[in-house]
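Student: Can you keep this structure in mind? I'll have questions shortly.
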Amino acid sequence: MTNQELPNDAAPALSPAGAVGSALTIGFGSAVFMWMLAWVLHMPGVHVDAKLAVPALMVPLFVITLCWSRHVAAAHRLKAALMGGFVAGLVNLLILGSHIVEQPETTDQMADQANSFAPNALMTVIGSMVLSLIVAGIAGVLAGVLTKNKTEINIYTAITWRSRFAWVTALTYLPLIAVGGAVTSTDSGLAVPDAVTSYGAVSVLFPLQLMAEPRIFLEHSHRLFGTLAGLTTLVLMVRVLMGEPRKLPKLLAIVLFVAVSLQGYMGIIRVAEQSTFFAIIHGVFAQLVLAWALGTAIVLSDAWTNAAPSEETAIAAKKTRKTMLITVIALVMQLAMGAVTRHLHSGHAMMAHMGFAFVVLMLVIIGGSLVMRTGKTDASGKAIRPFGALLHGLVVLQVTLGFAVIGMGWSSEEPTELHTHENLSSAPPIEASSLVTTAHHLIGALVLAAAVGALVWAIRLAIRPKAQ
C-alpha cells in the first residue's frame with residue numbers, strides 16, 4: 001500500500017502538519033527532561049552556577065532531538081528539529097521567568113518588587129530561545145547524517161507522534177507527584193501563603209533567590225510542575241480532538257484535561273482554606289490522574305490500534321481482566337489509607353494500611369503472574385507482558401520502602417501545624433527520612449499506574465477481532 005492509499009490519520013509525517021506534530025512531541029519531550037534536570041541543579045544546597053547549568057540543560061534537548069528527529073521524513077527533519085527547539089524554548093520560559101525578575105533578599109520585599117523584570121530580561125529570553133534553536137538545529141543536522149542510507153529507520157506516522165506525545169504527557173505527572181510527595185513529607189504545603197500567586201508574584205515570575213529556602217522551593221516548584229502538566233495535557237487534548245478519528249481516545253483526553261484542571265483547583269482550595277481534607281483528596285486524585293494518563297497513552301498507541309489477539313490470548317485476558325480490576329480497586333483503597341496516615345498521622349489508619357498491604361501484595365503478585373501468563377500465550381499478547389514484571393518489581397520495592405518508613409521512626413503523634421511563611425526561619429531542618437516517605441509515595445503511584453496499564457491491556461486483548 002502506498003502513502004496515497006493510507007488514510008490521512010495513518011499517513012507518514014511527510015507534510016508540514018506532520019512536521020508540526022513531531023516538533024510538538026520533540027519540544028515538549030525535551031522540556032520535561034530539562035525541567036527535571038533544572039529542578040535538581042537548583043535545589044537548595046546544590047545550586048549550580050549558570051555557566052555549568054545552562055550547557056547541562058541543553059543536553060536533554062540535544063539527545064531527544066537527535067534520537068526522535070531521525071524518525072521524521074528527511075525532507076522535513078531539520079524543520080521539525082528547529083520547530084521542536086522553538087517549542088522547548090517557549091515551554092522553558094515558564095521556568096526562565098524566575099531568573100529574569102528582580103531578586104529581592106527576603107519575602108518581605110516582594111510587596112514592592114513582585115513581577116518586576118530585571119534590566120537584562122529581554123536579552124536573557126532572546127538568548128535562551130536562540131540557544132535552543134541552535135542546539136536543536138545541530139541535533140537535527142546530525143540526525144540526518146546518521147540516518148543517511150539507513151533504511152531500517154522507521155518514519156513515524158501522525159498517530160505514532162500523537163501516541164508518543166501522550167506518553168510525554170503521562171511523564172509530566174511523575175515529577176509533579178514526586179515533588180508533591182516531598183511537600184507533604186516535609187510539611188511544606190503552606191510555605192507559600194497565597195493560593196494562586198506566590199508571595200504576590202505571578203507563579204512563573206517568582207524570584208529564584210527566594211527559592212533558596214527549602215520548603216518554599218518544594219512548594220513553589222510543585223506549582224510549576226503543575227503548570228507544565230496542565231499545559232501539556234491541554235496540548236494533548238487539542239491534538240487528539242483535531243487529528244484522532246476514534247471516539248474513545250477523544251473521550252479519554254477530554255476527561256484527562258478535566259481531571260487535571262480539577263486537581264489544580266483542589267490544590268488552590270487546599271492552600272486557600274488550609275484544608276487537610278483537600279490535601280488528602282488532592283494527593284489521592286493525583287495518582288488516579290497519572291493512571292488515567294497512562295491508560296490514555298496506551299489507547300492512543302499503534303500497538304493498541306493494531307492488536308489482533310488470538311482466541312487463546314483472549315481467553316487468558318478475560319481471566320486477567322477480572323483479577324486486575326479487583327487489584328486496581330484494592331490499590332485505590334490502600335492509597336486512600338496511606339494518604340490519611342500521612343496527613344493525619346493516624347495510628348488507626350496506619351494499622352489498617354499495614355494490614356491491608358498484605359492483601360494488596362498478594363493481589364499484585366497473582367495479578368502480575370496472570371498478566372505475564374497472558375503475554376506468553378502467543379505473540380498477540382506480548383504488549384501486556386512487561387506490565388506483569390513491572391508490577392512484581394515495583395511492589396517488592398514498595399513493601400521494602402514501607403518497612404523502611406516504619407523503621408525510621410514513624411510516629412502517631414498528633415500532627416503539628418504546617419510551617420508557614422511566618423515561621424519558616426525557625427522551622428527545623430528537613431530530615432533524611434522524608435526522602436524515604438516521598439519514595440514510598442511515588443512508587444505507590446507507579447504501582448497503581450502499572451496495574452491500570454495492565455487492566456487496560458487485558459480489556460483490549462479480551463476482545464477478539466471480528467471475522468472478516
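Student: For the range 61-100, give me each residue that is more than 9 Å from Ala136 (Cβ to Cβ) and polar (S, T, N, Q).
Tutor: Asn92, Ser98
Student: Residue by residue through the range 374-404, note down the ones that are free of Cβ contacts under 8 Å to residues at least 40 places away in the same chain and open to solvent by less than 40 Å² (accessible area, probe 1.4 Å).
Tutor: Gly375, Ala404
Student: Further question on the same structure: Would you please list the contacts, defined by Cβ atoms under 8 Å and residues six or more apart or on different chains, that run from a residue in the range 75-98 that is among the charged types (D, E, K, R) to a residue that is in a helix (DSSP H, G or I) and surrounded by 20 or more Cβ atoms within 10 Å (Cβ to Cβ)?
Tutor: So the pair list comes out as Arg77/Ser69; Arg77/Arg70; Arg77/Gly140; Arg77/Ala143; Lys79/Ala19; Lys79/Ala23.
One line per residue, one yes/no per condition, for (1) polar (S, T, N, Q); (2) touching a helix residue (DSSP H, G or I) at 6+ places or on another chain (Cβ under 6 Å); (3) modelled with pLDDT of 95 or more; (4) in a helix (DSSP H, G or I):
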| position | (1), (2), (3), (4) |
| --- | --- |
| Ala253 | no, yes, yes, yes |
| Ile269 | no, yes, no, yes |
| Phe278 | no, yes, no, yes |
| Thr305 | yes, no, no, yes |
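Student: Give the residues of the range 55-80 that are hydrophobic (A, V, I, L, M, F, W, C), over 23 Å from the mean Cα position of the chain (by Cα) and over 14 Å from Trp161 (Cα atoms), sorted by residue number.
Tutor: The answer is Ala74, Ala75, Leu78.
Student: Which members of the range 247-278 meet the condition of being in contact (Cβ under 8 Å) with a residue 40 or more places away in the chain and within 18 Å of Thr160 (Cα to Cα)?
Tutor: Correct list: Leu248, Pro249, Leu252, Ala253.
Student: Within the range 111-125, is even one residue of a type outside the set (S, T, N, Q), touching a Ser or Thr at 6+ places or on another chain (Cβ under 9 Å), modelled with pLDDT under 90 and outside any helix (DSSP H, G or I)?
Tutor: Yes, the range 111-125 contains at least one residue that is of a type outside the set (S, T, N, Q), touching a Ser or Thr at 6+ places or on another chain (Cβ under 9 Å), modelled with pLDDT under 90 and outside any helix (DSSP H, G or I).
Student: Oh, and also: Which of the residues spanning the range 226-251 are open to solvent by less than 10 Å² (accessible area, probe 1.4 Å) and either at pLDDT below 90 or not β-branched (Val, Ile, Thr) (or both)?
Tutor: The answer is Leu228, Ala229, Leu236, Glu244, Pro249.
Student: Any chance you could count how many residues in the range 98-110 are in contact with a Phe, Trp or Tyr (Cβ under 8 Å, 6 or more places away or on another chain) and at pLDDT 90 or above?
Tutor: Total meeting the criteria: 4.
Student: Also, quick follow-up: Give the residues of the range 334-373 that are open to solvent by 50 Å² or more (accessible area, probe 1.4 Å) and in contact (Cβ under 8 Å) with a residue 24 or more places away in the chain, sorted by residue number.
Tutor: The answer is Arg342, Leu344, His345, Met354, Val359, Ile365, Ile366, Arg373.
Student: Checking Pro119 against (1) touching a residue at least 40 places away in the same chain (Cβ under 8 Å); (2) over 30 Å from His76 (Cβ atoms), which single condition isn't satisfied?
Tutor: Status for Pro119: all satisfied but (1).
Student: Please determine, by comparing only the residues of the range 160-215 that are under 18 Å from the mean Cα position of the chain (by Cα) and of a type in the set (Phe, Trp, Tyr), which one is surrounded by the fewest Cβ atoms within 10 Å (Cβ to Cβ).
Tutor: Trp167
Student: Okay, next question. Can you report the number of residues in the range 307-333 which are in a helix (DSSP H, G or I) and open to solvent by 10 Å² or more (accessible area, probe 1.4 Å)?
Tutor: Residues in the range 307-333 being in a helix (DSSP H, G or I) and open to solvent by 10 Å² or more (accessible area, probe 1.4 Å): 16 in total.
Student: Within the range 280-293, how many residues turn out to be modelled with pLDDT of 95 or more and open to solvent by 50 Å² or more (accessible area, probe 1.4 Å)?
Tutor: Summing the residues that are modelled with pLDDT of 95 or more and open to solvent by 50 Å² or more (accessible area, probe 1.4 Å) in the range 280-293 gives 2.
The values are calculated or read from the model by the stated rules, or taken from the named source; none is laboratory data. Bear in mind that the values here come from a model prediction, so they are computed numbers and not experimental data. Neighbour counts are summed over all protein chains in view; Cβ atoms, including those assigned to glycine, are modelled from backbone coordinates with ideal geometry. These area figures cover heavy atoms from the full protein model, side chains too; ligands, DNA and RNA do not enter into them. Shrake-Rupley method; radii C 1.70, N 1.55, O 1.52, S 1.80 Å.
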